[in-house]
1. Of the residues 98, 80, which single one is surrounded by 17 or more Cβ atoms within 10 Å (Cβ to Cβ), under 20 Å from the mean Cα position of the chain (by Cα), within 22 Å of residue 171 (Cβ to Cβ) and in contact (Cβ under 8 Å) with a residue 60 or more places away in the chain?
2. Any chance you could count how many residues in segment 83-92 are within 17 Å of residue 180 (Cα to Cα) and buried (at least 18 other Cβ atoms within 10 Å of the Cβ)?
3. When you go through 74, 120 one by one, which is the residue that is charged (D, E, K, R) and without any contact (Cβ under 8 Å) to a residue 60 or more places away in the chain?
4. Name the helices (runs of 4 or more DSSP H) wholly inside segment 14-101 in which the number of residues that are closer than 20 Å to residue 132 by Cβ and modelled with pLDDT of 95 or more is 2 or more.
5. Provide a single number: the residues in segment 106-144 that are assigned to a helix (DSSP H, G or I) and buried (at least 16 other Cβ atoms within 10 Å of the Cβ).
Amino acid sequence: MTFMTKQDQVAEILRERVIAGTYRRGERLKQADIAEELGVSITPVREALHVLEAEGYVVGLSHRGLLVPEIDPEQAGEIMRLRVMLERDLTARAMERMTPERFAGLRALQDAVTAAAKAEDRFGLRTANYRFHFGLYELAEAPQTLNFVRILWAKYPFTLQEPGKPRFAAVPAEHERMLEMIGKGDAAAAVDAMADHIHAGWRNLAAAFPKVE
């Protein structure tokens, strides 16, 4: 398991909260409030926010401090295409390093996705989805590619992962397909399942926001 400093831990918590929608787009983040909530000093929070600003999860504005940036739907198509390319690569690399123990870890992460969907827990599903994807991608041991994907996720809208919407129920099923192929050791099919998963989300997004390309 990769060692994580307090700064790393805080950064990962904040990434999850942005993706999950716990922090709303346009919301101002206050260092003191985050530090108090997480039970840490200001220093690791400040350092984590610097990292997240570089990745695009937060943006600094004059006289307003650090905010969660708004999504630009017009950029979503380009981001989706980059996601497919890089996440296919990470999935393939992860397959090369898969072990029964690592597969069991992914299974546990997927169980959390399924449980959140059954509970109709919007924040829970988005958080569990994030953990499943990056739990898989970290196995690739490709830190530069992983960092690029984190940046892409910061800019990508996950608004359709809402109870009652098709994507909410589809996400767990698509993950199960990936896990099935991973469990069989079929790297090509696992990579294709990942690409299909991203494209399926994109089709729903494009239908909801017709101006995106």
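The values are calculated or read from the model by the stated rules, or taken from the named source; none is laboratory data. Keep in mind that what you see is a predicted model, and the values were worked out from it rather than measured. Reconstructed Cβ throughout: ideal geometry from the backbone, glycine too, with neighbour counts over all protein chains shown.
1. 80
2. 1
3. Answer to the check: 120.
4. Because the criterion is at least 2 residues that are closer than 20 Å to residue 132 by Cβ and modelled with pLDDT of 95 or more, the helices (runs of 4 or more DSSP H) in segment 14-101 that meet it are 76-96.
5. 24
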